[in-house]
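The values are calculated or read from the model by the stated rules, or taken from the named source; none is laboratory data. These numbers come from a predicted model, not from an experiment. Note: ideal-geometry Cβ built from the backbone for every residue, glycine included; neighbour counts use all protein chains shown.
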Protein chains: 2
Amino acid sequence: MDLSTVRTTSDGPIRVAVDAMGGDHAPLEIVTGTLSWARAHPADKVLLVGIPERISEVAGGPVPPNVEIVAASQVVEMDESPAHALKAKKDSSIMVAMDLLKQGRADALVTAGHSGAGMAAAVLKLGRLPGVDRPALAVQMITETGPFVLLDIGANMDSSGNNLYQFAQMGSLYAERVLGVANPRVALLSIGEEKGKGDQAVQQATQMLDENGTLNFVGNVEGRDLVKHMADVAVCDAMVGNVTMKFFEGLATFIFDLWKREFKRGIRGPIGYLFMRAGVNRIRDTFDYEKMGASPLLGVKGMVLITHGSAKRRMIEYALDAGATAGRARIPELIADALRGQPRRPGPVA
Amino acid sequence: MDLSTVRTTSDGPIRVAVDAMGGDHAPLEIVTGTLSWARAHPADKVLLVGIPERISEVAGGPVPPNVEIVAASQVVEMDESPAHALKAKKDSSIMVAMDLLKQGRADALVTAGHSGAGMAAAVLKLGRLPGVDRPALAVQMITETGPFVLLDIGANMDSSGNNLYQFAQMGSLYAERVLGVANPRVALLSIGEEKGKGDQAVQQATQMLDENGTLNFVGNVEGRDLVKHMADVAVCDAMVGNVTMKFFEGLATFIFDLWKREFKRGIRGPIGYLFMRAGVNRIRDTFDYEKMGASPLLGVKGMVLITHGSAKRRMIEYALDAGATAGRARIPELIADALRGQPRRPGPVA
């Protein structure tokens, strides 16, 4: 088994590679957030990857001593085809950053760039971990009592029961080691709580999880149970996960926009706001998705985290926190250990 | 082609069968809502199906002349297995009501009972419409500028591209004829706006919809686009649809509960509420899901509508409105006309 690309650092300084050029607000917001994080974490190191002149320009002065600028001459744009970008732009910031991870010069990588290109670059450059059939992209979702992990939200289409089973294991490790949840409750996201419900993949995964004694499998949860925090890890196909995550974003924004408008309406709205300001801030704080940081791509030989394309400096800092924690926890190694010699079943149940 | 069970009433009085015994609050809320609707629609007729003594008991007096009580001696409970219920309870209210539809004695059927049992009874008793491979359960979802139709939300698992294609046609007809949307924008719910994105079923359905000139196919929409009303009909697999619908319910409730708590907190909350009361009511009105009425089961030989298990009298009235409108529109006949002789492709695209 070749795990040479997975570092075994568990303590001590962590080295995070940041794709300075990826994202809607790159490089300004990425660089600003990264420098701020680096100043707050002087013992750790950041490798800022991109076009040096543009990074220096937005840095607006000398960078802290724990920041190293690594040159990359190209940029993958947000609307490029991943396949084309990876072929034509071998010296792009995302590809160079991925190389740093592969060479063991970084413990984690954070990008706000094109998520499809980031995932493709990770699979291409780093490869899958031994025992992992498919990587999965996970995201932290908000509930009142803390976040839960939802995966897969878009790494692969048409996942089998076996894939879901592996996602459950990877998600459980991430929840335990990065979010600090003891004995995470793992559930399959389905159309009913009863175990017989769901499509073929969910039914097969149910069987496999029932037979696996190591995870804290709590069965199926429904869409309405998610915000009730009935599971710490919710496992599903990418289509379900992606739609759910984006629907959350859309619906929460919609509802808050309605309130915003009411608090601005007429004379009564602004007066009401004066009285409700503390409450508004409490609710805003509950729904502060920037704190969710970044989405880990689980199952590849290296700790890659993809944050929101629209991330600004504050979210980049949270993304670096997530990257440093995940890098320190040696998530890829733990996944390889957990999935080595696991049962696997080809194809769907008849 | 046998469409003998599909009535051709387009004008004139409509006859709606109501399952008086199904639902968390049956029979009291079902009967109360139904009688109220019947009084408001004296030209139409209601067939109230259930245990006559229990119906009379909760009716609390003589029923209006346009209400006929039809006896059924059994009740399918909310937690029963549909297969068992349909075999063991042939004289249950849902089965007797389904018979009324089949015999042409009713134009539509409304139930708040066990949705799995309702769908199974419909398929068993009425059968699929000619040309329809699979029925789909649709729901109206809320946006600020009006509802859109989301389907399938749970009639079948593991739908193919061909199934999705048919769902698109059925959903479009429903949006046009029942919601009154001219030339409804039909979209596939997927993980990205680009047409190449999505799983195999979505990609196949995209091809078929691109080739079909009769629908107003607008491509893919993402989860975050739904509340922006970027489509009048959003088509997806049951797993995606069911999770999305229930997640809407869970998330909206969660957010409103947070606001409710803030408006009750300390001294400032209740004062803030006094100023915001009109705004709160406007928002509450936007999210008034009871107005959505009931979910049509599209693709069977008869107009069956399933409403929320927790529906109370007001929602039952809206459900009867939906049932009467859909019955009047002859949706099953329109679907049969539209799907007759349509292209069909077996299996997923390679």
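For the reader, a short list of remarks on this structure follows.
- B:Glu193 vs. criteria part of a helix (DSSP H, G or I) and either outside the structural domain of B:Pro332 (by TED's automatic domain parsing) or of a type in the set (Gly, Ala, Ser) (or both): no
- Single residue of the stretch B:285-294 satisfying the filter (within 14 Å of chain A (Cβ to nearest Cβ) and either in contact with a Phe, Trp or Tyr (Cβ under 8 Å, 6 or more places away or on another chain) or among the aromatic types (Phe, Trp, Tyr) (or both)) that is farthest from A:Tyr273 (Cα to Cα): B:Tyr289
- When the stretch B:179-207 is filtered for residues that are aliphatic (A, V, I, L, M) and modelled with pLDDT of 95 or more, the ones remaining, listed by number, are B:Val181, B:Ala182, B:Val186, B:Ala187, B:Leu188, B:Leu189, B:Ala201, B:Val202, B:Ala205.
- The conditions of being crowded, with 20+ Cβ neighbours inside 10 Å, away from chain B (no Cβ under 13 Å), modelled with pLDDT of 95 or more and assigned to a loop (DSSP other than H, G, I, E, B) are not met by A:Ala322.
- Close Cβ contacts (under 8 Å, 6 or more residues apart or on different chains) running from residues in the stretch A:45-63 that are in the same structural domain as A:Ser93 (by TED's automatic domain parsing) to residues that are among the acidic types (Asp, Glu) comprise A:Lys45/A:Glu68; A:Val46/A:Glu68; A:Leu47/A:Glu68; A:Leu48/A:Glu68; A:Val49/A:Asp19; A:Gly50/A:Asp19.
- Flag if A:Val280 is at the interface with chain B (Cβ under 8 Å from one of its Cβ atoms), closer than 15 Å to B:Ile255 by Cβ and part of a helix (DSSP H, G or I): yes
- For the stretch B:62-81, filtering for residues that are within 24 Å of B:Ala324 (Cβ to Cβ), among the small types (Gly, Ala, Ser) and surrounded by fewer than 18 Cβ atoms within 10 Å (Cβ to Cβ) leaves 1.
- Scanning the stretch A:180-202 for residues that are surrounded by fewer than 19 Cβ atoms within 10 Å (Cβ to Cβ) and within 14 Å of chain B (Cβ to nearest Cβ) returns A:Gly192, A:Glu193, A:Glu194, A:Lys195, A:Gly196, A:Gln200.
- Within the stretch A:226-246, the set of residues being in a helix (DSSP H, G or I), buried (at least 19 other Cβ atoms within 10 Å of the Cβ) and either in contact (Cβ under 8 Å) with a residue 12 or more places away in the chain or more than 17 Å from the chain's Cα centre (by Cα) (or both) comprises A:Leu226, A:Val227, A:Ala238, A:Met239, A:Val240, A:Gly241, A:Asn242, A:Thr244, A:Met245.
- Residue among A:Leu305, A:Leu297 that is in a strand (DSSP E or B), farther than 24 Å from A:Ala40 by Cα and away from every other protein chain (no Cβ under 14 Å): A:Leu297
- Residue among B:Gln166, B:Gln207 that alone is closer than 24 Å to A:Gly116 by Cβ, outside any loop (DSSP other than H, G, I, E, B) and not aromatic (Phe, Trp, Tyr): B:Gln207
- Scope the stretch A:238-260; condition within 7 Å of another protein chain (Cβ to nearest Cβ), closer than 19 Å to B:Gly154 by Cα and not hydroxyl-bearing (Ser, Thr, Tyr); matching residues: A:Ala238, A:Met239, A:Val240, A:Asn242, A:Val243, A:Phe247
- For the stretch B:129-144, the criterion of being modelled with pLDDT under 95, over 21 Å from B:Leu188 (Cβ atoms) and within 14 Å of chain A (Cβ to nearest Cβ) is satisfied by at least one residue.
- Which numbered condition A:Tyr273 misses (of (1) closer than 30 Å to A:Leu334 by Cα; (2) of a type in the set (Ser, Thr, Tyr); (3) at pLDDT 95 or above): (1)
- Among the residues of the stretch B:188-198, those identified as in contact (Cβ under 8 Å) with a residue 24 or more places away in the chain and under 24 Å from B:Asn156 (Cβ atoms) are B:Leu188, B:Leu189, B:Ser190, B:Ile191.
- The selection criterion, being within 12 Å of chain A (Cβ to nearest Cβ), more than 19 Å from B:Phe247 (Cβ to Cβ) and free of Cβ contacts under 8 Å to residues at least 12 places away in the same chain, does not hold for B:Gly213.
- Checked against (1) within 16 Å of B:Ala17 (Cα to Cα); (2) basic (Lys, Arg); (3) surrounded by 19 or more Cβ atoms within 10 Å (Cβ to Cβ), B:Arg39 passes all but condition (3).
- The set of residues from the stretch B:261-277 being more than 7 Å from every other protein chain (Cβ to nearest Cβ) and β-branched (Val, Ile, Thr) comprises just one member, B:Ile267.
- Test set (1) farther than 22 Å from A:Asp232 by Cβ; (2) of a type in the set (A, V, I, L, M); (3) away from chain B (no Cβ under 14 Å) - A:Met157 fails condition number: (3)
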